[in-house]
Amino acid sequence: MSENLRWSVHPGHGPYAEGLDRNPANHAPLTPLSFLLRTAAVYPERTAVVHGRTRRTYLELLERSLRLASALERRGIRPGDTVAAMLPNIPEMLEAHHGVPMCGAVLNALNTRLDAATLAFILQHGEAKALITDTEFAPLMREAVRLAGRPILVVDVEDPEGPGGETIGIIDYEALLAEGDPTCAPLFPADEWQAIALNYTSGTTGNPKGVVYHHRGAHLNAVGNVLVWSMPQFPVYLWTLPMFHCNGWCFPWSIVLQAGVQVCLRRVASETIFAALADHGVTHLCGAPIVMGMIVNAPDSAKRPFAQKVRMMTAASAPPAAVLARMEALGIEVTHVYGLTEVYGPATVCARQEDWSGLDADARSRKLARQGVPYPVLEGLEVMTPETMTPVPRDGETIGEIVMRGHDVMKGYLKNPTATAEAFAGGWFHTGDLAVMHPDGYVEIKDRSKDIIISGGENISSIEVEGALYRHPAVLEAAVVARPDPQWGESPCAFVTLREGASATAEELIEHCRNELARFKAPRSIVFGPLPKTSTGKIQKFQLREQAKAI
């Protein structure tokens, strides 16, 4: 898109050149913190947060966030300092998304499933000055803080809905809030380019990279979420997506913008999801495909009827046609998005076209499974040949790399100028994902650059093979990687989890793929069993590649 634009760097000539400067009356830096101030002023008594027996209004959410900001400042936290949060999806995590940046600090939401050594690296590398941690994680975080070897103000959160645990900090969260002033003036950024959050990638090799978000990007991506979903005012949003993952895709701010209810869910399971749908009238939720699996494969004992229309946003691998059909049958409309940590979560959306409703279920699901078109707040999305940085033909066949540019691209990697320069080479953010561009301008991922399988000189998309496997009724989950092959160099090796009570042989699945794909693309070996996943539900293909080498 932006390849066809020209950019002006001067206000121009004539009457528009002089006397029309920025000033406090006509310009303010963008920040998502402004959403809470407005919503609390307009709808102070509307419910903002639900967590077990806890209910908090927007006025209470604002006052508690301001108390947190004020108390942290009184405890020595200064603008630009890092405040880490080791919290599940509970109200204190929502308050941290507002209160921490309201004192000018940078929120570093920690992945609750990491090991102590990795967490210690993050605390040390991000120079955390404070840590807000749930008591459930006390043993893990005590060791992480010890290994980090730096002075950190540790604050304990004791969640009444949690399992409890020992305290390791010098003060309790509620006691900290009591030190704060609910009437204090929040410290908004003087420059929207200032950092608001620090998120670490879940890299499979080496130390994770620290991705730095700015206030402008967080504001715009939060607005983008509302736009692509046509989200009305007063949504009821269920927290199945971890808030530590890309700051919950900016939804802690999006839902506040629309004066919605945020239903916290400490433990994600079929029973708790259906209970929330039935009891709280949930209208929106986000999650990885594993969450959709929890919903469509829930035992009858967990299912509860709900009357409202529900919309779910999912990313990662394309939803299989059968799963989309089963979600629609339940009354849940799925929106497929795509993004990365480096772009605040979702940055593209498979925008539905009106004529898709006339397609048969399989054809419609193939359309809906594409990664789609840019978010309204993303200026540029292309599929390019990385060596020449030229767009590939829009033929749905030529593979290139997805590149992006615009408002919701990160500032860069913290303390890593080399990685930042590589990511932004040629004036675009390089995703590392291989895709095609369809004639209608919709992007469709074919593979990660490292996951493409080259067999006998032919490129095989692991995602395409996985899609064929998912179309077999016995398959619950599937992942395909390259396996060394003495004749072909590499051949596809599939790892498959079968549905409970279903059966299928390796020969049956291979023959199924041969009927669905060109025969050379069919896997030559099948391994049955559970698939290893990251803390955010993504399948860990690097582990599967190692297993495939040993077969």
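The values are calculated or read from the model by the stated rules, or taken from the named source; none is laboratory data. This structure is a prediction, so every number in the text was calculated from the model and none was measured. Cβ sites come from the backbone with ideal geometry, for glycine too, and all protein chains shown count toward neighbours. The accessibility values were calculated without ligands, DNA or RNA, using every heavy atom of the protein model including side chains. Shrake-Rupley method; radii C 1.70, N 1.55, O 1.52, S 1.80 Å.
Taking other residues whose beta carbon is less than 14 angstrom from the beta carbon of Ser254, and scoring Lys, Arg as +1 and Asp, Glu as -1, yields +1.
Measuring spread by the Cα atoms of the chain yields a radius of gyration and Dmax of 23.9, 76 Å. For the chain, the longest principal axis of the Cα atoms and the long axis of helix 541-550 meet at an angle of about 40 degrees. Derived scalar couplings between HN and Hα for segment 373-389 equal 10, x, 4, x, 9, 9, 7, x, 9, 9, 10, 10, 6, x, 5, 10, 6 Hz in order, rounded to whole Hz, by the Karplus curve 6.51 cos²θ - 1.76 cosθ + 1.60 (θ = phi - 60°), x for Gly and Pro.
Where Rh denotes the Kirkwood radius from the mean inverse Cα pair distance, what is Rg over Rh for segment 367-487? Don't skip to the end; give the middle numbers.
On the way: Rg = 16.2 Å, Rh = 16.0 Å.
Rg divided by Rh gives 1.01.
For the pair Thr201 and Gln353, a Förster radius of 25 Å applied to the C-beta separation gives a FRET efficiency near 0.15, rounded to the nearest 0.05.
Taking a straight Cα-Cα cut-off under 22 Å and skipping sequence neighbours fewer than 8 places away in the same chain, the lysines within cross-link reach of Lys446 are Lys367, Lys521, Lys533, Lys538, Lys541. Among the GluC sites (Glu not before Pro) within segment 7-65, those in coil by DSSP and having at most 13 neighbouring Cβ atoms inside 10 Å are Glu18, Glu45.
Give me the angle, in degrees from 0 to 90, between the Cα long axis of helix 58-74 and the longest principal axis of the Cα atoms of the chain, rounded to the nearest 10. Taking the Cα atoms of the chain, the angle to 58-74 is about 70 degrees.
Considering only protein heavy atoms and a probe of 1.4 Å, how much of the accessible area of segment 410-551 is carbon and sulfur, as a whole percent? Let's see the in-between values first.
Values: 3360 of 6520 Å².
Exposed carbon and sulfur together represent 51 percent of the surface.
For segment 271-340, the equivalent ellipsoid derived from the alpha-carbon gyration tensor has semi-axes of 19, 13, 11 Å in decreasing order.
For segment 377-509, the residue among Gly441, Ala479, Leu414 whose Cα projects farthest onto the positive side of the dipole built from Cβ charges is Leu414. For the chain, the dipole from Cβ point charges (+1 on Lys and Arg, -1 on Asp and Glu) about the Cα centre works out to 200 debye, to the nearest 20.
Computed over the Cα atoms of segment 59-218, what is the convex hull's projected area averaged over all directions, in nm²?
Numbers: hull surface 36.4 nm².
Mean shadow area of the hull around the Cα atoms is 9.1 nm².
Think of each Lys and Arg Cβ as +1 and each Asp and Glu Cβ as -1; about the Cα centre, that makes the dipole of segment 36-195 roughly 220 debye. Considering only Ile90, His125, Thr112, and ranking their Cα positions along the charge dipole of segment 71-132 that arises from unit charges at the beta-carbon of Lys, Arg, Asp and Glu, the one farthest toward the positive end is His125. Model label points for Ala28 and Arg150, set 7 angstrom from Cα along the Cα-to-Cβ axis, are 3.3 nm apart.
Label separation (Ala361 vs Glu179): 5.8 nm, computed from points 7 Å beyond Cα along the C-beta direction. Ordering Gly426, Leu68, Asn199 by Cα displacement along the dipole of the chain toward the positive end leaves Leu68 in first place; charges were set at the Cβ atoms of Lys, Arg (+1) and Asp, Glu (-1). This model, with +1 at the C-beta of Lys and Arg and -1 at the C-beta of Asp and Glu, gives segment 465-551 a dipole about its Cα centre of some 260 debye. Please give the helix 116-125 orientation as an angle from the longest Cα principal axis of the chain, in degrees from 0 to 90, rounded to the nearest 10. For 116-125 against the chain, the angle is about 60 degrees. Close amide-amide hydrogen proximity is noted between Ala85 and Asn108, Ala109, Leu110, Ile132, each under 5 Å apart and 5 or more residues distant or on a separate chain (H modeled in the peptide plane; Pro and chain starts excluded).
When the helices of the chain are scored as -39500 (n - 2.57) per DSSP H run of n ≥ 4 and the total is divided over every residue, the value at 222 nm lands at -9000 deg cm²/dmol. Subtracting the Cα-Cα distance of Ile454 and Asp395 from 0.36 nm times their residue separation leaves 19.1 nm of extension gain.
The simple Förster model, with R0 at 56 Å and r as the Cβ-Cβ distance, assigns Glu143 and Glu18 a FRET efficiency of 0.35. Each label was represented as a point 7 Å from its Cα along the Cα-to-Cβ direction; for Glu45 and Ser503 these points are 6.3 nm apart.
Listed by chain and number, the aspartates and glutamates whose alpha-carbon sits under 16 Å from that of Lys549, ignoring those within fewer than 8 places in the same chain, are Asp451, Asp485, Glu490.
At 1.4 Å probe size, with every protein chain present, just tell me what the per residue accessible area of segment 23-140 comes to in Å². Please report the intermediate quantities before stating the final value.
On the way: 4100 Å² over 118 residues.
Each residue of segment 23-140 exposes 35 Å² on average to a 1.4 Å probe.
The spread of Cα positions in segment 39-130, taken along each principal axis and listed from longest to shortest, comes to 43, 29, 17 Å.
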